[in-house]
Amino acid sequence: MSVSTRSAERASRWQFAASWPTRVGLAGIVVILVIAFFGPFASPHSPSEIVGPPFRGVGWETPLGTDHLGRDVLSRVLWGGRSLIGLAVAATAAAYLIGIPIGLVAGYSRSYADPILMRTMDVLLAFPPLLFLLVLVTGTGPGSVALIAGAALVNLPGTARIVRAATIEVSVRGYVEAAVARGERMPSVLGREIVPNITGPLLADVGVRLTLSILLIAAVTFLGLGPPPPAANWALMINENRAGITIQPWVIVVPALLIAILTIAVNLVADAVARSRGISIVEPQ
């Protein structure tokens, strides 16, 4: 392949960034990350500090009002994203850390390992994601470890199936067969020939897994099984202040809006990556 052809391919792959949905998605992700990770440095108050009466409206001292305990909503919003995003990213990373080796072995081995591994994934896939996570967290007790482990297990079957499908497609290509003919061992073939050539489907799938992790962790936290109070968490803020939605709506509207912006932005970017590579992100059956 010539240098000009490779350059043209790279350019076409990055053309997705020129579309307005992608720009909107990237801008949304940047805004949310800035709020989540730099917001605490700009917080006017501690997230647990009582600054006024409960459900006080918007004012100079409290630009977004106060919550059910009289804490500054703006401060809690600025502190609340780091926990939710951190847990979702950790769960997604754990799912890929386990799912990639499973998918590679299942797709390349062409032996008894494939049906054993995939039927195990099918068992996990049979459970409704939210119900599975709720049962796990209820049984082990609320906490970050349980949330990460549960969300990772929910994402694991889809991740393994995507990797397996991509591995099967790549493993029959000439450069893989040439590596096998040279006598290279399976770890070498997987690491040097297959993994670099399945990054496209993986990149397209990351948005789906991350969005699912965000929604699941937010749902479980909303139900009171996530980080315990007085932790600042966008989903926990929605749960804690439901009774005051008609009195002080900003305490619920703002964190809910930030969660929605994050999930929509991630999906827009993931769809753009998939389209630029001609990949469907629908899971294989």
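For region 109-137, a residue qualifies if it is in a helix (DSSP H, G or I) and charged (D, E, K, R), and the qualifying residues are Asp114, Arg119, Asp122. Condition check: open to solvent by less than 40 Å² (accessible area, probe 1.4 Å) and of a type outside the set (S, T, N, Q). Does Leu258 satisfy that? Against the criterion (open to solvent by less than 40 Å² (accessible area, probe 1.4 Å) and of a type outside the set (S, T, N, Q)), Leu258 qualifies. Failed condition for Ser48, given (1) farther than 27 Å from Ala219 by Cβ; (2) open to solvent by 30 Å² or more (accessible area, probe 1.4 Å); (3) of a type in the set (S, T, N, Q), with all others met? Among (1) farther than 27 Å from Ala219 by Cβ; (2) open to solvent by 30 Å² or more (accessible area, probe 1.4 Å); (3) of a type in the set (S, T, N, Q), the lone unmet condition for Ser48 is (1).
Per-residue answers, yes or no, for (1) open to solvent by less than 10 Å² (accessible area, probe 1.4 Å); (2) modelled with pLDDT of 90 or more; (3) farther than 30 Å from Thr246 by Cβ:
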residue	(1), (2), (3)
Arg6	no, no, yes
Glu9	no, no, yes
Ala18	no, no, yes
Leu26	no, yes, yes
Gly70	yes, yes, no
Ala91	yes, yes, yes
Ile102	no, yes, yes
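Of everything in region 189-202 that's within 17 Å of Gly99 (Cβ to Cβ) and assigned to a helix (DSSP H, G or I), which residue is nearest to the chain's Cα centre (by Cα)?
Checking each candidate, the answer is Leu202.
Residue pairs whose Cβ atoms lie under 7 Å apart, separated by 6 or more positions or on different chains, with the first residue in region 243-254 and assigned to a loop (DSSP other than H, G, I, E, B) and the second small (Gly, Ala, Ser), are Gln248/Gly57; Gln248/Gly65. Considering region 261-285, and only residues there that are of a type in the set (Ser, Thr, Tyr) and either at pLDDT 85 or above or not in a loop (DSSP other than H, G, I, E, B) (or both), the residue that is most open to solvent (accessible area, probe 1.4 Å) turns out to be Ser276.
Search region 177-188 for residues being assigned to a helix (DSSP H, G or I) and over 29 Å from the mean Cα position of the chain (by Cα), and hand back the single one that is surrounded by the fewest Cβ atoms within 10 Å (Cβ to Cβ).
Among them, the one singled out is Ala181.
Looking only at region 140-176, how many residues end up being open to solvent by 60 Å² or more (accessible area, probe 1.4 Å), over 14 Å from Ile102 (Cβ atoms) and at pLDDT 85 or above? Adding up the residues that qualify gives 2.
Residue count for region 203-223 under the criterion of being aliphatic (A, V, I, L, M), open to solvent by less than 40 Å² (accessible area, probe 1.4 Å) and either under 13 Å from the mean Cα position of the chain (by Cα) or over 24 Å from Ala270 (Cβ atoms) (or both): the result is 6.
Given the criterion in contact (Cβ under 8 Å) with a residue 60 or more places away in the chain, assigned to a helix (DSSP H, G or I), under 29 Å from Ser83 (Cβ atoms) and not hydroxyl-bearing (Ser, Thr, Tyr), identify the matching residue among Ala166, Ala149, Ala106, Ala160.
Ala160
Name the residue that is surrounded by the fewest Cβ atoms within 10 Å (Cβ to Cβ), counting only residues in region 224-243 that are touching an Asp or Glu at 6+ places or on another chain (Cβ under 8 Å) and modelled with pLDDT of 85 or more. Restricting to residues being touching an Asp or Glu at 6+ places or on another chain (Cβ under 8 Å) and modelled with pLDDT of 85 or more, the top hit is Glu240.
Yes/no per residue for (1) in a loop (DSSP other than H, G, I, E, B); (2) closer than 21 Å to Pro228 by Cα:
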| residue | (1), (2) |
| --- | --- |
| Val34 | no, no |
| His45 | yes, yes |
| Val58 | yes, no |
| Arg76 | no, yes |
| Gly81 | no, yes |
| Ile100 | no, no |
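Report, by residue number, each residue of region 244-255 that is under 12 Å from Phe55 (Cα atoms) and buried (at least 21 other Cβ atoms within 10 Å of the Cβ).
Quick first cut of region 244-255, residues under 12 Å from Phe55 (Cα atoms) only: 244-252.
Across region 244-255, the qualifying residues are Gln248, Trp250, Val251.
The values are calculated or read from the model by the stated rules, or taken from the named source; none is laboratory data. This is a predicted model, so every value here is computed, not measured. So basically every Cβ, Gly included, is an ideal-geometry build from the backbone, and we count neighbours across all protein chains shown. Quick note on the areas: whole protein, heavy atoms, side chains included, nothing else; ligands and nucleic acids left out. Shrake-Rupley method; radii C 1.70, N 1.55, O 1.52, S 1.80 Å.
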